[in-house]
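Have a look at the structure below before the remarks.
Bear in mind these aren't lab numbers, they're just calculated from the coordinates by the rules spelled out. This structure is a prediction, so every number in the text was calculated from the model and none was measured. Note that we place each Cβ from the backbone using ideal geometry, even for glycine, and neighbour counts take in every protein chain shown.
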Amino acid sequence: MVEILVISTLIIAIAMAFLCIKLLFKQNGRFASQHIHDSKAMRERGIHCVMDQDREARRERRFAVSERNN
């Protein structure tokens, strides 16, 4: 039981050390953004994040048919 705890702690410590090394040697000390709207390749393909797609779908369309019974 103790051996598994020591091994798992060692693995986590090594992973954290690798992350710290990457941050130290990376320019500006940051990881690249993982958001879709920050990716140039996704924007070129016309792929948006869910928030943007929802906003577009809710926008009032000029020729939209009203679904309300007034």
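Angle between the Cα long axis of helix 2-25 and the longest principal axis of the chain, 0 to 90 degrees, nearest 10? With rounding to tens, the tilt is 60 degrees.
Can you give the alpha-carbon Rg of the chain over 2.2 N^0.38 Å, where N counts its residues?
That works out to 2.12 for the chain.
Potential lengthening of the chain between residue 36 and residue 53 amounts to 4.9 nm, from the contour at 0.36 nm per residue minus the alpha-carbon distance.
Approximating the spin labels as points 7 Å out from Cα along Cα→Cβ, the residue 23-to-residue 68 distance works out to 5.0 nm.
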